[in-house]
1. Would you call Gly81 assigned to a helix (DSSP H, G or I) and among the small types (Gly, Ala, Ser)?
2. Considering only residues that are farther than 27 Å from Ile64 by Cα and at pLDDT below 80, which ones fall in the stretch 6-43?
3. Answer yes if at least one residue in the stretch 49-68 is hydroxyl-bearing (Ser, Thr, Tyr) and open to solvent by 30 Å² or more (accessible area, probe 1.4 Å), and no otherwise.
4. Taking the condition surrounded by fewer than 17 Cβ atoms within 10 Å (Cβ to Cβ) and at pLDDT below 70, does Val139 pass?
5. Can you tell me which of (1) over 18 Å from Ala213 (Cβ atoms); (2) modelled with pLDDT of 90 or more; (3) in contact with a Phe, Trp or Tyr (Cβ under 8 Å, 6 or more places away or on another chain) is the one Gly126 doesn't meet?
6. Please identify the pairs in which a residue from the stretch 107-126 that is over 26 Å from Phe140 (Cα atoms) has its Cβ atom under 6 Å from the Cβ atom of a residue that is surrounded by fewer than 16 Cβ atoms within 10 Å (Cβ to Cβ), counting only partners at least 6 apart or on another chain.
7. Does any residue in the stretch 157-172 that is over 14 Å from Tyr70 (Cα atoms) and modelled with pLDDT of 80 or more come within less than 8 Å, Cβ to Cβ, of a residue that is aliphatic (A, V, I, L, M) and surrounded by 15 or more Cβ atoms within 10 Å (Cβ to Cβ) six or more places away or on a different chain, and which pairs are these?
8. Look at Glu86 and say whether it is surrounded by fewer than 13 Cβ atoms within 10 Å (Cβ to Cβ), at pLDDT 85 or above and part of a helix (DSSP H, G or I).
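The values are calculated or read from the model by the stated rules, or taken from the named source; none is laboratory data. Since this is a predicted model, take the numbers as computed values, not measurements. For neighbour counting, all protein chains shown are included, and Cβ atoms are generated from backbone atoms with ideal geometry for every residue, glycine included. Remember, those area values only see protein heavy atoms, side chains included, never the ligands or the DNA or RNA. Shrake-Rupley method; radii C 1.70, N 1.55, O 1.52, S 1.80 Å.
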Amino acid sequence: MLKQLFANLRLHKKTPLTLLGWMLAFFLLGLLMVWFIVGVTGDETTWFPMGGLLAAVGILIFTILCFLSYHQDFMLALSFGRTRKEFMLFFAIEQLIWVVAAYIGVILVTVLEEVMYSQLFPGMPGEISFVPILTDWRVFLPCIAALVILPMFLGALYSRFGKRFGIILYFIWLVLCLVLPRLVERLESHWNLNLLEKIPVLGWIVLGIGALAAMLITTVKLGMKQTVR
């Protein structure tokens, strides 16, 4: 088992470097934004850890895009005679390793960012610290689980439906970026969305576990029926 895992890690040795590149690029973009808004314009009285936030966004985008490699690697594994269970298990373990490493990286750059701002802008408080949030088990456990399962789930759907699913996913992305913000504003003006805040933490945990379980079951069922395409 370990031999096969190490072989997979060697095969995808460029993945951690690419992941690191995405995280650092988004992190530097956030630093530049804060430096320009706070340091150059001088209009703000507080700073926001935008670098850490964008680093997390970069990791999220890269991880979701891994559904394409899931599809390609699945086809390659089946063509070389590997079992479906074996492929899904090792892909999940490998994804878990990269996600945990990336999550730790986001925490480290967030700490670095907050220390930098305390030196660059002495006496200026920060609006929020992401470190206590990122290190809260109620945050990092579901985040890591979602980042492992989600690309497998999307990859399984892409393997099943092909380019049709890719087109659907593209339109969903456009809706989330363009339509959803306006829809939320209209709903806030007509409905009392504060009711969502009354849902206890346990309720959100149960909903999250249910969603992840449904995605995992779907992934396994589709994967067990997957053929070489």
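1. no
2. Quick first cut of the stretch 6-43, residues farther than 27 Å from Ile64 by Cα only: 35-43.
Result: Gly39, Val40, Thr41, Gly42, Asp43.
3. Within the stretch 49-68, the subset hydroxyl-bearing (Ser, Thr, Tyr) is 63.
Narrowing the set further to residues that are open to solvent by 30 Å² or more (accessible area, probe 1.4 Å) leaves none.
For the stretch 49-68, residues hydroxyl-bearing (Ser, Thr, Tyr) and open to solvent by 30 Å² or more (accessible area, probe 1.4 Å): absent.
4. No, not satisfied.
5. (2)
6. Filtered contacts from the stretch 107-126: no entries.
7. none
8. Here the answer is yes, as Glu86 does meet what is asked.
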